[in-house]
Amino acid sequence: MSPRNPARDRQLREARTSQILDSALTVIARRGLSGTKVADIAETAGVSVGNVYKYFVSKEEIFEALVHRGQQQYRDFVEEALALSGSPVDKLVWYTEQWIAKREWAITILLQYARTSEAVPARLKQAVSAKFIDNLRPMAAIIEQGQSAGDMVPGDPMELALIYVSLMEGLSLHDIPDTPELTSGTADLALRLLLRSIRRRL
């Protein structure tokens, strides 16, 4: 028997956890939490039901892990946009085009469900809503930079960030696989909401 390797064991556990979560994301988004069984997730992930239970005690715990992971991934994404070199307009353009390219329809559905469904525990609902507001701050910072440069429309940066992020989320729901509705001009149309002149980015 080969000696245990804690680092390798940790990597394997993280990889299997991600595999289960990635599979659960699409299954739950399409079937809903109540319509999803752990067996459905296991089948999609290509593992046994027992293997799923080695990492999660229930589908509700899987759902909560998905929500937390999705919000953290979004925070990393918008902070990456904020940290980019270039003008605030460049940052906004990158964010918009990358968001549309990511096709984040599934996690958008789950996050909306987590914030609005009566079936979600109040504790989780409150945490998700608070994180959503906090995650607006990097986008608000980009908007504020753009306002200072005279390139973006006036207004409260947090309110504008809420409107723009909500628009991006809404667009995601119109780009579900097999029913895509977004076009190549979507990014430019979205950018018109915040930019004083769309010609600045062409």
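The values are calculated or read from the model by the stated rules, or taken from the named source; none is laboratory data. Note that this is a predicted model, so its numbers are computed, not measured. Cβ: placed from backbone, ideal geometry, glycine included. Neighbour counts: every protein chain shown. Accessible surface areas use protein heavy atoms only, side chains included; no ligands, DNA or RNA. Shrake-Rupley method; radii C 1.70, N 1.55, O 1.52, S 1.80 Å.
Computed values, structure above
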{"item": "Single match in GLU61, GLU14 (criterion: surrounded by fewer than 18 Cβ atoms within 10 Å (Cβ to Cβ), modelled with pLDDT of 95 or more and not in a loop (DSSP other than H, G, I, E, B))", "result": "GLU61"}
{"item": "Evaluation of ALA130 against (1) modelled with pLDDT under 95; (2) loosely packed, with under 15 Cβ neighbours inside 10 Å; (3) not aromatic (Phe, Trp, Tyr) (one fails), failing number", "result": "(1)"}
{"item": "Condition check for LEU92: touching a strand residue (DSSP E or B) at 6+ places or on another chain (Cβ under 9 Å), assigned to a helix (DSSP H, G or I), under 29 Å from TYR164 (Cβ atoms) and open to solvent by less than 50 Å² (accessible area, probe 1.4 Å)", "result": "yes"}
{"item": "The stretch 121-136 residues that are in contact (Cβ under 8 Å) with a residue 12 or more places away in the chain and in a helix (DSSP H, G or I), paired with ones that are open to solvent by 40 Å² or more (accessible area, probe 1.4 Å) and among the basic types (Lys, Arg) (beta carbon under 7 Å, 6 or more apart)", "result": "VAL128/ARG115; SER129/ARG115; PHE132/ARG115"}
{"item": "All positions within the stretch 26-39 that are open to solvent by 30 Å² or more (accessible area, probe 1.4 Å) and not basic (Lys, Arg)", "result": "THR26, SER34, GLY35, ALA39"}
{"item": "Odd one out for TYR113, checked against (1) open to solvent by less than 10 Å² (accessible area, probe 1.4 Å); (2) in contact (Cβ under 8 Å) with a residue 24 or more places away in the chain", "result": "(1)"}
{"item": "Selection status of VAL27, free of Cβ contacts under 8 Å to residues at least 60 places away in the same chain, outside any helix (DSSP H, G or I) and at negative phi", "result": "no"}
{"item": "Test set (1) open to solvent by less than 30 Å² (accessible area, probe 1.4 Å); (2) out of contact with any Leu (no Cβ under 6 Å at 6 or more places or on another chain); (3) more than 16 Å from ARG69 (Cα to Cα); (4) outside any loop (DSSP other than H, G, I, E, B) - ALA101 fails condition number", "result": "(1)"}
